[in-house]
Number of protein chains: 4
Amino acid sequence: MKVAAVSDIFESAAQKCAADYGIPKIAKDPLELINDPEIDAVAICSSTDTHADLIIAAARAGKQIFCEKPIALGLDRIDAALDAVGKAGVKLQIGFNRRFDSNYRRVHDLVRDKAIGDLHILRITSRDPSPPPIAYVKVSGGIFLDMMIHDFDMARYIAGCEVEEVYTVGAVRVDPEIGKAGDIDTAVVTLKFTDGVIGTIDNSRRAVYGYDQRVEAFGSLGMAESANRRPNEVRLSGGADVREDLPLNFFVERYTESYVTELKEFVECVIGNRPTPVTGHDGRMPVAIGYAAKRSLDEHRPVAVSEIK
Amino acid sequence: MKVAAVSDIFESAAQKCAADYGIPKIAKDPLELINDPEIDAVAICSSTDTHADLIIAAARAGKQIFCEKPIALGLDRIDAALDAVGKAGVKLQIGFNRRFDSNYRRVHDLVRDKAIGDLHILRITSRDPSPPPIAYVKVSGGIFLDMMIHDFDMARYIAGCEVEEVYTVGAVRVDPEIGKAGDIDTAVVTLKFTDGVIGTIDNSRRAVYGYDQRVEAFGSLGMAESANRRPNEVRLSGGADVREDLPLNFFVERYTESYVTELKEFVECVIGNRPTPVTGHDGRMPVAIGYAAKRSLDEHRPVAVSEIK
Amino acid sequence: MKVAAVSDIFESAAQKCAADYGIPKIAKDPLELINDPEIDAVAICSSTDTHADLIIAAARAGKQIFCEKPIALGLDRIDAALDAVGKAGVKLQIGFNRRFDSNYRRVHDLVRDKAIGDLHILRITSRDPSPPPIAYVKVSGGIFLDMMIHDFDMARYIAGCEVEEVYTVGAVRVDPEIGKAGDIDTAVVTLKFTDGVIGTIDNSRRAVYGYDQRVEAFGSLGMAESANRRPNEVRLSGGADVREDLPLNFFVERYTESYVTELKEFVECVIGNRPTPVTGHDGRMPVAIGYAAKRSLDEHRPVAVSEIK
Amino acid sequence: MKVAAVSDIFESAAQKCAADYGIPKIAKDPLELINDPEIDAVAICSSTDTHADLIIAAARAGKQIFCEKPIALGLDRIDAALDAVGKAGVKLQIGFNRRFDSNYRRVHDLVRDKAIGDLHILRITSRDPSPPPIAYVKVSGGIFLDMMIHDFDMARYIAGCEVEEVYTVGAVRVDPEIGKAGDIDTAVVTLKFTDGVIGTIDNSRRAVYGYDQRVEAFGSLGMAESANRRPNEVRLSGGADVREDLPLNFFVERYTESYVTELKEFVECVIGNRPTPVTGHDGRMPVAIGYAAKRSLDEHRPVAVSEIK
């Protein structure tokens, strides 16, 4: 496996990347790369609004496809992309990298293997160290499609079944500017799953102690819980208290390993002709749940995911 | 301070108690004890349906009153009792013992002292090691008034403000017999507080690993979280994994200290003529929230606590 | 079982104790109490220099005996006391309370039950929150007989065999006054046991973070380690670090439970006519090891415990 | 900075390495590489008996030198190598990689910055998951020069001063074959440092629960302790106990990061013309301490490091 070519809307960025990693070719236009018969697979890491078109083009060109989440912000665009993939019979893997984190994977495996029996309650905590710039908030699609989408994926990944209904409580607590931009920064969503599991997800745009990424799965035979990862395992006992360093600060530190693993598994699936671990359907569902969560907040009532078309 | 007399519907139990603890007097009828002019204060620990009448009698007799929770299952009975207490000008303390647990108190103090800044999200986990007998479930008032009532109190205690609205998702996952008895055994309730805090409470009637009693308070400047207490601090590293003993199994072990402290503080408040740490209002509100939670489950919608009369 | 009488060199202390706990009789002279035919057992908690004589008197009077550690500072006095106990055929239990602490007991049981296989290395940490007054240091018998004696007992208790040889490194690091009083305040002792176990004990007269009492048992099949007990299980995550409260500060808080349990077990052994859990031999050996540790420090060489006569 | 050439006694290994990492040149003879004027620095990672000669050759050729530990097993060979380095005025860094581990570095920094005040007691635990093959044990130089040498370096690194005297207790507990090969597999060494710190190191060739690498620094103002690193932060609470996965199994997993960092820092020191973080003296001292520890075991007495010539 070799990286054959790189394309970037900013050509200098593509040039730097090619130089740094010894990539032999630069494509000005991504379609040039997508239509290159020497290339077997593409990774689409451009801005969200370009994902669906590039997926469709790549599928038609018979390429195996890795694409960053979300596929698109509109379900119709997602469906068009998935349709193209289906017709072309190519593989598609969506970049929900957290599925490849060793903590989440361990909890997933314990649930899948019934180490905690039947899952009854699933709790997901996901808090960022600080909010993105307001300019970004305005175009992000909102907390549900930008931030909690990862947690909707995690919920489906760990529960192993579909989300049926959601109920949202939200607030602007971190920064009034986020409210003025039409978004919220603090949210708790309750989920009902098809197999009777009850879930809660809580999000905050600012945890002063760093990136807070935890999950707890409670079931008939026990509980599996993951804690945050720390930069070291040192404890300092002093005259006033016992201290530890804060957890790893943000996704770059916390999820480095998972980014490497997700691409490695994509390549292995392509080479071994196996199904990808995060499918197009897995890319679609969190977007639908995100719309349901938003509607629940707006209409102050539980909303079935099936209401979202 | 001395225990002057004891009364029990089963006289032999009163006799044994008097013998074991050197209590000089047994009263067949609790009113005998309540109307004894030598007695300054009474602790009402009889069955729930007798609480309100005994509170009213004790208040009229000018006694200081400690009463186990709940005051009554009907808000009208509670209000009658509180009215009598108010008119008599006596003290009333309700037996929400968990407020006196060193873990919950520490989290409460940190929130009160703004060590975590403004509280944004409050999470309470409360799971029993095993469900009560079905016969008890039938007369218990249901999971919200029997079990989660403690958590509603905890929510108000830690948040330091009132619960405004609740939304309930519940299920029968532990034992179908509980469902046949008209109750549920697994519940997640989302709470909105008057000052904008969002809370979640999850209950299960059976955690195979023991009594699971934790709280997490997340705010603008940090997070305070309490873990379960363990019988020892030993870790065993073996060839397969690292093991610790299960947490303390149930309320008798976990909350021993809190039962002692709550009565000690009641006595100190009476002697020092200070307000009690858990008032009649504190006894009333969790019952109202419990009814709101039940209505939310039944009507599949968020319910304002103010709807409950 | 009832407490029949109390004696104290300060009569007012005996009077207060009798009043507080409803003890019917005060004896001016402890021999009065020891020779009272109505009394079955005595607990000797007076100053160390009186222990041996009182044990001898109690043994001759046929009493079952609980005695605080150490039996005496001289091995000849200890042997005289044990001899009297042996001839009288009465029970003797020495007050090594830490054997009854739930943490140490758990580690002991895991070692005894071979949960860690054969014990290879035993590490004991024992650090006080602050040194005793210099006046006390001068009469204490020194760090080995006053403080580390508990750890020598713990070493034998957990290893389940005898200490054969010790090597001591010590220093005055906490307070030069301790050095002027002829003692040290920081010590590390290496132990060789009869069955090949290697042990280390470290003591400091001052750990600013509180009472540090831990043990680690490493063996062919694993490791058991006990951590300090804390006043609560709360963690506070803030903008700078994650904090926990300091461990329980000193022996009164840390070992409350063990003091209750040791006396309870003594009473049960007397009533059930079973051997006591801490024998006279268990009281003698830590003193002998203490002398060996002191000689090792003085002579700068490993010292066999058998050298101590 | 670029890797210019690679040399290996097995030419095919050098070829594979060159191919995998795009290294342009292979040298059959390491001297060819050492004497190449295009090359600025060399990393000597060959077998121990070749280190000193290659250091001398590289120093004479004016190369900056990174060399794996130990420099040599003989102090005379070490001194010859250090002499050549000194005369040539080149940099030398010895491969004590653990100094670059984030846990040890954090403890080191806390000690250096006096966060625990003056260091009083230093405890180092270092246990391998399983012993090396007997064939290796026979040529390894023994546990003190092969395994504990890392801990002697760690002791000096954290204490920030020199080891003055050692006392060793050792045993064959893991495998009798190790004893037949003239070595021991379990050892506890007590260290006295020049500034009054007392240290203990314990080693075992087999910890069934994996690679056990911890340090505890106790001082006048507190304690810093590092725990083992784990593959994930998941806890599983079941009906019998609470479980965590074992720590990272061996040095490849545990110290990956440190191997990368040590070479990165070497390169930065060369480029920035700064002193290396692990000097030739740092490479020499652990070997001397190792010989002292061995002599202490053989002669059953404390041995001053200054006795080793």
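The values are calculated or read from the model by the stated rules, or taken from the named source; none is laboratory data. Remember, predicted model here, so these are calculated numbers, not experimental data. Positions of Cβ are generated from backbone atoms using ideal geometry, with glycine treated the same way; all protein chains shown enter the neighbour counts. Each accessible area value is taken on the protein alone, full model and side chains, heavy atoms only, with ligands, DNA and RNA left out. Shrake-Rupley method; radii C 1.70, N 1.55, O 1.52, S 1.80 Å.
Structure values in brief
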| read-out | value |
| --- | --- |
| Selection from region B:200-215 of residues that are open to solvent by less than 10 Å² (accessible area, probe 1.4 Å) and within 23 Å of C:V242 (Cα to Cα) | B:D212, B:Q213, B:V215 |
| Residue that is farthest from the other protein chains (Cβ to nearest Cβ) [pool: residues in region C:137-162 that are free of Cβ contacts under 8 Å to residues at least 40 places away in the same chain and under 22 Å from C:D298 (Cβ atoms)] | C:V139 |
| Of the criteria (1) part of a helix (DSSP H, G or I); (2) charged (D, E, K, R); (3) in contact with a Phe, Trp or Tyr (Cβ under 9 Å, 6 or more places away or on another chain), which one A:D298 fails | (3) |
| Boolean, D:H120 is touching a residue at least 12 places away in the same chain (Cβ under 8 Å), open to solvent by less than 10 Å² (accessible area, probe 1.4 Å) and either within 16 Å of D:E265 (Cα to Cα) or not in a loop (DSSP other than H, G, I, E, B) (or both) | yes |
| Any chance D:E253 is surrounded by fewer than 17 Cβ atoms within 10 Å (Cβ to Cβ) and either of a type in the set (D, E, K, R) or free of Cβ contacts under 8 Å to residues at least 12 places away in the same chain (or both) | yes |
| Candidates C:L246, C:L236, filtered to the one that is free of Cβ contacts under 8 Å to residues at least 12 places away in the same chain and either among the hydroxyl-bearing types (S, T, Y) or open to solvent by less than 50 Å² (accessible area, probe 1.4 Å) (or both) | C:L236 |
| Condition met for B:G239 (touching a Gly at 6+ places or on another chain (Cβ under 8 Å) and closer than 30 Å to A:H300 by Cβ) | no |
| Check on D:V172, within 14 Å of chain C (Cβ to nearest Cβ), open to solvent by 20 Å² or more (accessible area, probe 1.4 Å) and either touching a helix residue (DSSP H, G or I) at 6+ places or on another chain (Cβ under 6 Å) or of a type in the set (G, A, S) (or both) | yes |
| Checking C:N273 against (1) surrounded by fewer than 15 Cβ atoms within 10 Å (Cβ to Cβ); (2) in a helix (DSSP H, G or I); (3) polar (S, T, N, Q), the condition it does not meet | (2) |
| Residue ID - farthest from D:G141 (Cα to Cα), chosen from residues in region D:256-290 that are of a type in the set (D, E, K, R) and in contact (Cβ under 8 Å) with a residue 40 or more places away in the chain | D:E265 |
| Selected residue [assigned to a helix (DSSP H, G or I), surrounded by 17 or more Cβ atoms within 10 Å (Cβ to Cβ) and within 14 Å of chain B (Cβ to nearest Cβ)] from C:R106, C:R77 | C:R106 |
| Selection within region A:64-101 - of a type outside the set (A, V, I, L, M, F, W, C) and within 15 Å of the chain's Cα centre (by Cα) | A:E68, A:K69, A:P70, A:Q93, A:G95, A:N97, A:R98, A:R99, A:D101 |
| Residue list for region B:108-140, restricted to those being in contact with a strand residue (DSSP E or B) (Cβ under 7 Å, 6 or more places away or on another chain) and among the β-branched types (V, I, T) | B:V111, B:I116, B:I121, B:I124, B:T125 |
| Pairs with Cβ under 7 Å, 6+ apart, first in region A:20-42 and over 17 Å from A:I9 (Cβ atoms), second surrounded by fewer than 16 Cβ atoms within 10 Å (Cβ to Cβ) | A:Y21/A:V3 |
